[in-house]
Amino acid sequence: MVSDSLIPIERKPMNLNGLFLASHKLQRAFLACVCAAPLTIGGVSRAQEVIPMTVIDAYAPTALWVRVFMNYFMPEVDRRLAETDNYEIDWISAFGGTVAKTGGVLEAIQYGLADIGIITSPYHPDKVPFYNISYVTPLVTADIGLVARTVHEIVDRYPELRQEWDDYNQVFLTVAGAIDTYQVLMSEPIESLEDFRGKKICGIGLNLRYVQGLGAAAVSSNLGDFYNNIATGLTEGTVAWAESAVAYKLYEVAPYMIDIRLGAVTSKVITMNRRTWNQLPDEVRDVLVETAIDYRDELARETDRRAQSSREEFVAQGGTIQPLTSEQRQIWAASLPNMAKEWAEDLEERGLPGRQILRDYMDIMRAHNQPIVRHWDREL
């Protein structure tokens, strides 16, 4: 169970004055000298290796996936390594944009400004397009655990999907998601789907296309700016989800949740800098991989735990949930461009089996009896 009140205190202060990379290298050199000294425990001398590791995300601990990373992944790695007591990670936390701003985490890890990080895949459809598969298949499922496991399973089926990260000097650990289902939050109530016409709605990457078929104008933004966008009138709504509406107090400016249930997405990829990875002992690598997968599942469980309570909190804070009928959801689904077909064709042009991957994904969803509104692979 992850507790909001247990945000750990960073063990090492950050000193980011434009010389982060240089200081990071000095830290490594210093710790290498320190770790050469043996530890004496109960009269037995042993050399425990301390490994400094910088972890980043552009988002602050307000974001659920960052909190779970801090409260579950990092201490769980520590606990598992402590079982043998051969290695210890000295975590250097750099969340909230101290090293990389929104959309810059991939490059920060690529160029060695960090060792491990949480990449938001919708910002990089040109570089790692596969990882947006759940974005191009809306109205399929709200089971975030199933989506995360399925995307990871497909990565395991097709080794070339891991190899996509080679071009960016990184090693794939897992995918993850903290969105049980996208909704549309509006500053004013929506009486019919026609009311979306002409409205300005902000979002990220591919989810901007979810509202364009209804005649809305999509405005590219990021989660941290959604509130101000609506408060200042730049937009009249946003594509978001219940937990984010509460965490970022979006109910204050967009108190109408249009309950379209667009579906769950894996918007995060956990990767490591390849040079860092190559220098790690096998024991540490194994623990990082195993814990990353467990983090994926823990984040999905925490997302599910918060989904219903967030809806209740949204209403308690004065928000209104406006459910759509099955017919309205069908109309909305029909208004969407076939993003999945475009996505599959793009992968094919890159030498990846995009059409088959899409079929695999949808087959798994059907095998789990998901409430699919539109069978994307049947339109290829």
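The values are calculated or read from the model by the stated rules, or taken from the named source; none is laboratory data. All figures in this text were calculated on a predicted structure; none of them were measured in a lab. A quick note on method: Cβ atoms are made from the backbone with ideal geometry, for glycine too, and the neighbour counts reach across all protein chains shown.
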Out of the range 225-237, which residues are touching a strand residue (DSSP E or B) at 6+ places or on another chain (Cβ under 8 Å) and not in a helix (DSSP H, G or I)?
-> L234, T235, E236, G237
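Here is a yes/no grid of residues against (1) of a type outside the set (A, V, I, L, M, F, W, C); (2) surrounded by 24 or more Cβ atoms within 10 Å (Cβ to Cβ):
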{"position": "A142", "(1), (2)": "no, no"}
{"position": "A148", "(1), (2)": "no, yes"}
{"position": "D167", "(1), (2)": "yes, no"}
{"position": "A176", "(1), (2)": "no, yes"}
{"position": "P189", "(1), (2)": "yes, no"}
{"position": "F196", "(1), (2)": "no, no"}
{"position": "K199", "(1), (2)": "yes, no"}
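Conditions tested, residue by residue: (1) free of Cβ contacts under 8 Å to residues at least 12 places away in the same chain; (2) among the charged types (D, E, K, R); (3) closer than 20 Å to S267 by Cβ; (4) surrounded by 14 or more Cβ atoms within 10 Å (Cβ to Cβ).
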| residue | (1), (2), (3), (4) |
| --- | --- |
| E290 | no, yes, no, yes |
| R296 | no, yes, yes, yes |
| D304 | no, yes, yes, yes |
| S309 | yes, no, no, no |
| L324 | no, no, no, yes |
| Q330 | no, no, no, yes |
Do we have any residue at all in the range 338-347 that's modelled with pLDDT of 95 or more, under 30 Å from V77 (Cβ atoms) and in a helix (DSSP H, G or I)?
-> no
Does at least one position in the range 366-380 carry a residue that is in a helix (DSSP H, G or I), touching a Ser or Thr at 6+ places or on another chain (Cβ under 9 Å) and more than 29 Å from R67 (Cβ to Cβ)?
-> yes
Looking only at the range 142-179, count how many residues are part of a loop (DSSP other than H, G, I, E, B) and farther than 29 Å from T235 by Cβ.
-> 3
Given the conditions (1) in contact with a Leu (Cβ under 7 Å, 6 or more places away or on another chain); (2) assigned to a loop (DSSP other than H, G, I, E, B), which single one is not true for F130?
-> (2)
Report, ordered by the first and then the second residue, all pairs with beta carbons closer than 7 Å, sequence separation of six or more or different chains, a first member in the range 163-176 that is closer than 14 Å to N132 by Cα and at pLDDT below 95, and a second member that is surrounded by 18 or more Cβ atoms within 10 Å (Cβ to Cβ) and β-branched (V, I, T).
-> E164/V128
Taking the range 168-192, which residues are over 19 Å from A307 (Cα atoms) and within 19 Å of the chain's Cα centre (by Cα)?
-> Y168, Q170, V171, F172, L173, T174, V175
Criterion violated by Q356 - all others in (1) touching an Asp or Glu at 6+ places or on another chain (Cβ under 8 Å); (2) surrounded by fewer than 20 Cβ atoms within 10 Å (Cβ to Cβ) satisfied = (1)
With the checklist (1) within 23 Å of R209 (Cβ to Cβ); (2) small (G, A, S); (3) without any contact (Cβ under 8 Å) to a residue 12 or more places away in the chain in hand, flag the one item A316 doesn't pass.
-> (1)
In the range 220-247, what residues are surrounded by fewer than 19 Cβ atoms within 10 Å (Cβ to Cβ) and either among the hydroxyl-bearing types (S, T, Y) or closer than 21 Å to L336 by Cβ (or both)?
-> S220, Y227, T232
